[in-house]
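Shown next, in structure tokens, is the structure this report addresses.
What follows is calculated from the coordinates using simple rules that are stated; it is not laboratory data. Note that the structure is predicted; figures quoted are calculated from it, not measured. All Cβ positions, even for glycine, are placed from backbone atoms using ideal geometry, and neighbour counts span all protein chains on display.
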Amino acid sequence: MNLYHSLHSTCSQKVRLCLEEKGLPWTGHHLNLRKFDHLQPEFLILNPLGMVPVLIDQGKILTESRIINEYLDEKYPSIPLMPSDPFLRAQVRLWSQYVESGPSEAVKMPSFAKNIQPELKKMNQKEALEHIKKIPNIQIRDRWLLAATKGISQKDLLPSLKILEDMVLRMNNALSHQKWLCGDQLTLADIDIAPFVQRLVRIDLFHLLELHPPVLDWFNRIKSRKAYKTAMPEAGSEGFIPSI
Ligand SMILES: N[C@@H](CCC(=O)N[C@@H](CS)C(=O)NCC(=O)O)C(=O)O
């Protein structure tokens with residue numbers, strides 16, 4: 001399997017975690033989003049939306065991290081990450097859908113403010129804008145544009161902060177009476193949300209975890225897994241590229 005990904009992209013981390021938990025061999029093709037590798041014509045052939053991750057399995061191209069993870073679990077069932085009970089399976093899907101519709105976008109504005117904006121400032125602005133205007137998705141293009149020109153303000157960050165606080169509260173409710181988000185076993189629900197919890201640390205919102213001990217305990221447990229250590233290199237490690 002070939003994974004087109006970025007080291008610190010949360011959506012890429014979701015898929016790397018899934019591959020590692022399932023013990024599946026994969027070859028990585030790293031894209032540096034800050035150098036706009038994802039806008040190169042050869043990558044746009046794989047995903048015309050210009051977004052990582054993209055998985056190629058036996059010549060078949062898959063996009064969308066949540067869909068990729070479900071695909072991997074169905075295609076390679078020997079280490080299952082979905083419960084067998086249909087109700088619990090539905091719960092996992094609800095979590096994964098929630099992650100995609102809320103936290104997945106919410107982490108982007110604070111991540112851009114912290115990591116991308118300072119890098120863009122160092123670049124030649126004309127050159128940066130040339131790249132940015134090629135971004136296919138309007139919402140993403142506008143975020144890059146804001147970071148490259150006016151700059152991201154505290155007010156721009158508020159909606160994200162609300163969504164991320166809500167994420168921790170939802171997790172706290174679930175984890176107050178069970179070990180993992182959907183019962184006693186680690187599932188795709190835990191995997192799909194883990195990169196967004198990790199990102200709280202990087203965007204200076206770690207206190208949200210400290211305020212909610214069941215979530216902090218969950219985070220410490222998932223972080224100590226072998227798969228996590230391989231899939232989620234810590235900031236400062238060799239090859240570290242600030243997140244997007
Ligand atoms: N819904 C997609 C979102 C993918 C996504 O947002 N990828 C980001 C990195 S985390 C990206 O490639 N961004 C490109 C950009 O900002 O220009 C998924 O879950 O795979």
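HN-Hα J couplings of segment 27-35 from phi, Karplus 6.51/-1.76/1.60, θ = phi - 60°, integer Hz, Gly and Pro as x?
10, x, 10, 7, 10, 8, 5, 6, 9
Apply 1/(1 + (r/R0)^6) to the Cβ-Cβ distance of residue 210 and residue 85, taking R0 = 45 Å, and write down the FRET efficiency to the nearest 0.05. The partial results should precede the final answer.
Working: r = 33 Å, r/R0 = 0.73.
That pair, residue 210 with residue 85, gives E of 0.85.
If you rank 219, 206 by fewest surrounding Cβ atoms within 10 Å, what's the result?
Numbers: 219 20, 206 14.
Ordered from fewest to most neighbouring Cβ atoms within 10 Å, 219, 206 come out as 206, 219.
Cut-off is 10 Å between beta-carbons; in what order do 217, 73, 190 appear when sorted fewest neighbours first?
Values: 217 13, 73 20, 190 25.
Fewest-to-most ranking of 217, 73, 190: 217, 73, 190.
Extension gain residue 229-residue 67, at 0.36 nm per residue separation less the Cα-Cα distance, in nm?
Working: separation 162, 0.36 × 162 = 58.32 nm, distance 2.30 nm.
Result for the pair: 56.0 nm of gain on full extension.
Once fully extended, how much extra length lies between residue 75 and residue 178, figured as 0.36 nm per residue of separation less the alpha-carbon to alpha-carbon distance?
Stretched fully, the residue 75-residue 178 segment lengthens by 34.3 nm.
Near residue 223, which aspartates and glutamates are there with a Cα under 14 Å away, not counting those fewer than 8 places off in the same chain?
20, 21, 190, 192, 234
With 32 Å as the limit, write out which pairs from 126/162; 60/150; 155/226; 150/226; 121/226; 108/179 have Cα-Cα distances beyond it, or answer none.
126/162; 60/150; 155/226; 150/226; 121/226
Equivalent-ellipsoid semi-axes (√(5λ), Cα gyration tensor) for the chain, whole Å, largest first?
Value: 29, 23, 15 Å, ordered largest first.
Tell me the relative contact order for segment 8-147 as a rounded percent, counting alpha carbon contacts under 8 Å between residues six or more apart.
It rounds to 24 percent for segment 8-147.
Given an 8 Å cut-off on Cα distances and at least 6 residues of separation, report the relative contact order of segment 102-244 as a percent. Could you put the intermediate results ahead of the total?
Values: 104 pairs, mean separation 43.0, N = 143.
Averaging sequence separation for qualifying contacts and normalising by length gives 30 percent for segment 102-244.
Quick one: 84, 160, fewest Cβ neighbours within 10 Å first, how do they rank?
Ranking 84, 160 by Cβ neighbours within 10 Å, fewest first, gives 84, 160.
Taking Cα centroids, how far is segment 4-32 from segment 193-210 in Å?
19
On a 0 to 90 degree scale, rounded to 10, what angle separates helix 86-101 from the longest Cα axis of the chain?
20
Return the calculated 222 nm mean residue ellipticity for the chain, to the nearest 500 deg cm²/dmol, obtained by summing -39500 (n - 2.57) across DSSP H runs with n ≥ 4 and dividing by the residue count.
Calculated at 222 nm, the ellipticity per residue is -16000 deg cm²/dmol.
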